[in-house]
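Beneath this line is the structure, given in structure tokens, with notes to follow.
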Amino acid sequence: MQIKKRFYAAFLVVLLTASSLLIFICLNLLSTNQNNPLVPVPDDANWVLRLDAESFVKKEVYNTLFADKDDAFILKVRELIDKNFNGESDKKSLRIEPQEDIVLYGIDRNNKSYLLIAVQTKDAAAFSENITAYCKSNQAGKASGRCGLFIQQTKGKKNRAELEKILEDILNQPFKELKKAASEKNEFIALKVRKLPSKSGFSTMNLSIQHQEKSINLEGEITYPKKLHPSLKFGLKPEGVYVYSRFIPEALPDTLLNFLPDGLPHFKDIEAYAVDFKGTYLEDPKDSLPSIVGFLPTPVMNLIIRSKHECKVEDLWKAFPESVRRPNLTLNFGNTVFHLKQLSETTYFIGVDPNAIIPYSGNDVFFIKGHLEKSTKIYGSTFVTAFIENMGPVKAFNDFLNSSESIHIEIKPKNGDRYSINGKINFKQDKHPLHEMTKMVFSMPIFEQ
């Protein structure tokens with residue numbers, strides 16, 4: 001009897017392996033899809049993203065079944081499928097072609113924002129009839145020809161009739177062919193942004209995201225209509241994620257410096273900055289400084305800023321509550337101690353290690369390099385940090401960053417107000433980039449509903 005059981009177990013393993021191998025061979029040898037997607041993209045689309053599903057499916061099937069043998073991920077996908085497509089569900093198939101490109105884009109109309117997703121379907125009638133079961137009150141869908149189109153209102157007062165009219169109008173527009181990049185680039189995401197938020201400082205962007213064996217590569221172009229200011233004369237010894245930039249978005253003071261007192265002239269009209277970010281410390285609240293759920297999130301960083309105005313670090317030091325001010329222009333937040341240092345009339349340093357300051361004579365416009373896993377490191381209360389780091393989306397994002405080895409992205413002048421984007425995220429030896437991205441996406445709240 002024992003021999004019989006072992007024989008059946010061994011046979012089952014061989015059968016599963018052979019089946020997986022057959023699936024993979026079929027995907028690679030029998031699939032010859034080279035079609036460019038034909039989709040209705042209106043002229044007022046703010047951005048358009050194309051996902052090369054064929055390239056993605058082939059590579060991800062191989063990684064999941066053979067390279068990583070990720071049983072936990074397979075179980076998660078199975079649960080997702082069972083939840084939405086099992087025999088007990090009222091939802092019927094949309095007859096979507098899984099290896100045809102998926103196109104997403106966003107539009108704004110009548111002070112409302114919409115997200116649209118275009119897929120290729122084998123049966124337009126089935127898609128149009130069955131999509132209703134998948135839609136909420138702010139969603140609708142319909143197919144025309146081989147294109148199935150899904151729309152979701154993301155901003156503004158809901159109006160079902162208006163939503164369906166926009167969907168109908170777009171489907172009645174001429175369809176456009178979105179061409180793929182050269183196959184050797186392994187591009188799986190192409191993003192074209194026609195109108196970036198005004199506070200970003202940029203206007204348009206084209207970005208190609210490509211998957212290689214051990215890296216995610218980026219190529220593209222961005223438009224920055226503002227005039228660039230001269231380079232900094234000082235830099236930093238990198239230890240975490242090091243960012244140098246002469247691109248200055250309007251929202252910079254509200255993001256990078258939100259732990260500081262409001263209204264300081266030192267952070268107005270910034271011309272250039274360099275920051276080496278090594279995580280966040282959850283300090284106890286300090287007087288008038290902004291706190292979040294009972295903590296003062298304090299960045300563990302070194303920062304150099306050059307402003308258009310003459311600024312004295314003594315005035316910056318005095319702007320902080322007396323409870324954190326210490327001698328020799330230092331600020332003590334508890335576990336994080338900042339040192340302030342004047343580098344020139346308009347340039348100053350605020351950070352945890354003044355020895356990290358070094359001379360700089362380059363002419364870079366923007367770069368980011370270092371180790372991404374350090375950027376989301378949270379220090380402080382063991383219980384609180386563990387709770388935050390294990391929250392669904394946070395954990396998924398941290399797992400992705402921890403799987404990476406390094407990042408190096410540069411933006412360089414190209415022509416006039418156009419700049420080229422080039423860079424890559426390298427991954428650790430035992431990790432596969434596309435699979436790590438897939439796990440992160442499948443852990444997003446949209447898949448938990």
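Worth a mention:
- Globularity index of the stretch 116-248 is 1.49 (Cα radius of gyration / 2.2 N^0.38 Å, N = number of residues).
- Less than 5 angstrom separates the built amide H of Val300 from those of Lys278, Gly279, Thr280, Tyr281, all sequence-distant by 5 or more or on a different chain.
- Measuring r between the beta carbons of Asp430 and Asn206 and using R0 = 35 Å, the FRET efficiency lands at 0.60.
- Per residue solvent-accessible surface (Å²) - the stretch 177-251, probe of 1.4 Å: 50
- Cβ charges +1 (Lys, Arg) and -1 (Asp, Glu), total dipole of the stretch 164-218, debye: 280
- Spatially proximal lysines relative to Lys318 (Cα-Cα < 27 Å; intrachain offsets below 8 disregarded): Lys233, Lys268, Lys278, Lys286, Lys308, Lys341
- Solvent exposure ordering (accessible area, 1.4 Å, most first) of Cys135, Cys147: Cys135, Cys147
- Accessible surface of the stretch 96-146, 1.4 Å probe, proportion on carbon and sulfur as whole %: 49
- Label-to-label distance, nm, for residues given as Asp108 and Ile409 (7 Å Cα→Cβ offset): 2.3
- If only the Cβ of Lys and Arg carry +1 and only the Cβ of Asp and Glu carry -1, the dipole of the stretch 150-192 around its Cα centre is close to 220 debye.
- On the stretch 178-238, 59 percent of the accessible area sits on carbon and sulfur atoms, based on a 1.4 Å probe.
The values are calculated or read from the model by the stated rules, or taken from the named source; none is laboratory data. What you see is a predicted model; the values in this text were computed from it and never measured. Neighbour counts run over all protein chains shown; Cβ positions are idealised from the backbone, glycine included. Only protein heavy atoms, including side chains, enter the accessible area calculation; ligands, DNA and RNA are left aside. Shrake-Rupley method; radii C 1.70, N 1.55, O 1.52, S 1.80 Å.
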